[in-house]
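Peer 1: Below is one structure. I have some questions about it.
Where a number appears in this text, it was derived from the coordinates with a stated rule and is not lab data. Quick caveat, the model's predicted, so the values are computed rather than measured.
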Amino acid sequence: MQRYEFELFADYHQFYLQDEAADADVSFESWSDEAIENGAVLMPGKIFVQTVRNMDVPVIIEVQDSAPDNNFDEWDKVFECSIDIPSGKIVIAGCTDEWDEADRIEVVPGVYRARIYHGDLDTLNDDGLDGDDHYKVILWPAAPQAEAMRLK
C-alpha cells in the first residue's frame, strides 16, 4: 500500500484528483444537487471532492492492491466511483493550485476504483473556517464501475 498525506487549500470547497493527461477544463455545471449530496463530481479522468470548508483541509490518499473493508463507522459520507488513469500520474490539488506545482502520485496506468470518505463534517465553528473535517481517498485497480454510488 502507498499512503500520502496532504494539506490542500480547498478553495471553492473542493480539491481534485485527476489523470495528468486529462483535459484541464472544468465544467461547474457538473455540480448537480446529487453531486453535492454525494460529495463528489465526476468528469472523464477527474474527481472533484467537495469539502465543508474552503480552507486548508487534511487529505489522505491510499493506493492499494485490492478493495478496502466496508467499515464506515467513523465516516459521515462515503462515495465510490471509477477513474481512468492512463498516464500513470494522478494530480492532487486544490482547484486554484498551480497545475505545474501540484503534487503527483505515480501508479500503474489503468482504471481504478476510488472510495471517497468524508469525516467530522459537523465540527465547523460558527464562521465555517475552522473544524476537524478530514478526507480520505482509497484507490485500487478494478474494472470500470458502471455507476458511481453513495455507500453512506
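Peer 1: When each pair of different Cα atoms in the stretch 17-96 is counted once in the 1/r mean, what is the Kirkwood radius in angstroms, to one decimal?
Peer 2: 14.2
Peer 1: Starting from the amide H of A93, placed 1.01 Å from N in the peptide plane, find each other amide H under 5 Å away whose residue is 5 or more places distant or on another chain.
Peer 2: Y16
Peer 1: Under a cut-off of 16 Å between alpha-carbon atoms, report the lysines in cross-link reach of K152, not counting same-chain residues fewer than 8 places apart.
Peer 2: K77, K136
Peer 1: If you split all Cα-Cα distances of the stretch 86-134 into 5 Å bins from zero, what percentages do you get per bin, shortest first?
Peer 2: 5, 15, 14, 17, 19, 15, 8, 5, 1
Peer 1: What are the semi-axes of the equivalent ellipsoid for the stretch 2-150, taken as the square roots of 5 times the Cα gyration tensor eigenvalues, largest first, in whole Å?
Peer 2: Three semi-axes, in Å: 22, 18, 15.
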